[in-house]
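Heads up, the thing below is written out as structure tokens.
The numbers here are math on the coordinates, done by the rules we state, and not lab data. Computed from a predicted structure; not experimentally measured. Ideal geometry is used to build each Cβ from the backbone, glycine not excepted, and the neighbour counts take in all protein chains shown.
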Amino acid sequence: MQISSSAIVEVLSGAGALGLAAGGYAYAALWPASRIFGRTLTAPRRAGEIALTFDDGPNPVWTPRLLEVLDRHGVKATFFLVGKYASQEPVLTKLLSNNGHLIGNHTWSHPNLALTAPKKVREELRNTKDALEQITGKPVRHFRPPFGARRPYVLRVARELGMTPVTWSAMTNDWAEPSAERIAERLSAKVDRQQSRGLAANIVLHDGGHREPEANREPSITAAAQLLARYAATRKFVTVDAWG
């Protein structure tokens, strides 16, 4: 779900064809708090609440280790899963759900939906929703667009399929940062800033990799453990369905 430089370049290139100013289109399509193309669930005015969300899994190596961390702290998280990886790891996917974590849709193959053809957009969302629901036996009601990239059609299809589009309010480049301490400190600063504004915090970390299903996510998992230790006594951890 990370916003890569190539994704931004693609959006900027597509903007010319749409006849929009490149910078304005990129902001509308990629900025998590933007409402230009439609509303998304970010973080409500519920100070003291934190949603830990994880993208691009399931990862057969690191997701089970993350589950151990979450279980030790008694915290439930939200996992936005890539459909093709979930279908390859049905036991792990079902374990996430059975352990009380919320499962969300992160498309089948992680494309940039701001530029994807309409038919393909619907296939990406529908196929993933169907696969996740078949594996878990539970409805999938939340969707996070890869890279945060969306346009009005994407948000409309998600809602037609019964899913709330979700972005975020706190993210770093944890997929590329080797230091768990730096990841945790940067996210903590964002969480504290949200708290000072009376807002909840919607944190993104990555337990998987959209190009490499077994990507090394040790820094991200360690950072998650540090965040849990830091805020366990002062914050309430929730899954995003607590917000809508």
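Using Cα-Cα distances under 8 Å and only pairs 6 or more residues apart, what relative contact order does the stretch 163-244 have, in percent? Once divided by the residue count of the stretch 163-244, the mean separation gives 33 percent.
Here the Karplus relation 6.51 cos²θ - 1.76 cosθ + 1.60, evaluated at θ = phi - 60°, turns the backbone of the stretch 202-212 into coupling constants of 10, 8, 10, 10, 10, 9, x, x, 5, 9, 9 Hz, with x for every Gly and Pro.
Relative to the compact-globule estimate of 2.2 N^0.38 Å, the Cα radius of gyration of the stretch 46-183 comes out at 1.04. Model label points for R46 and L95, set 7 angstrom from Cα along the Cα-to-Cβ axis, are 2.9 nm apart. Using only the Cα atoms of the stretch 32-95, each taken as one equal point scatterer with no solvent, compute I(q) by the Debye sum, divide by I(0), and report log10 of the ratio at q = 0.23 Å⁻¹. Summing over Cα pairs of the stretch 32-95 leads to -1.00.
With the simple model of a label 7 Å out from the Cα in the direction of the Cβ, Y27 to A117 spans 3.3 nm. Principal axis analysis of the Cα atoms in the stretch 161-244 yields extents of 37, 34, 18 Å, listed in decreasing size. Excluding same-chain residues fewer than 8 positions from K94, which lysines have a Cα within less than 18 Å of its Cα? Qualifying lysines at Cα under 18 Å: K76, K84, K129, K138. The relative contact order of the stretch 16-129 comes to 21 percent, based on Cα pairs under 8 Å that sit 6 or more residues apart. Applying both filters, DSSP loop and at most 12 other Cβ atoms within 10 Å, to the trypsin sites (Lys or Arg not before Pro) of the stretch 167-216 gives R197, R211. Calculated on the alpha-carbon coordinates, the convex hull of the stretch 102-143 measures out at 63 cubic angstrom per residue.
Applying 1/(1 + (r/R0)^6) with R0 = 30 Å to the Cβ-Cβ distance of N216 and D192 gives a FRET efficiency near 0.60.
Each residue of the stretch 26-38 is assigned a 3J(HN,Hα), and the resulting list reads 4, 4, 4, 7, 10, 6, x, 8, 5, 10, 4, 8, x Hz, derived from the Karplus form 6.51 cos²θ - 1.76 cosθ + 1.60 (θ = phi - 60°), x at Gly and Pro. Calculated on the Cα set of the chain, radius of gyration then Dmax: 16.8, 52 Å. Semi-axis lengths, largest first, of the ellipsoid equivalent to the stretch 129-208 are 28, 16, 12 Å, with √(5λ) applied to each eigenvalue of the Cα gyration tensor.
As a length-normalised measure over Cα pairs under 8 Å and 6 or more apart, the relative contact order of the chain settles at 31 percent.
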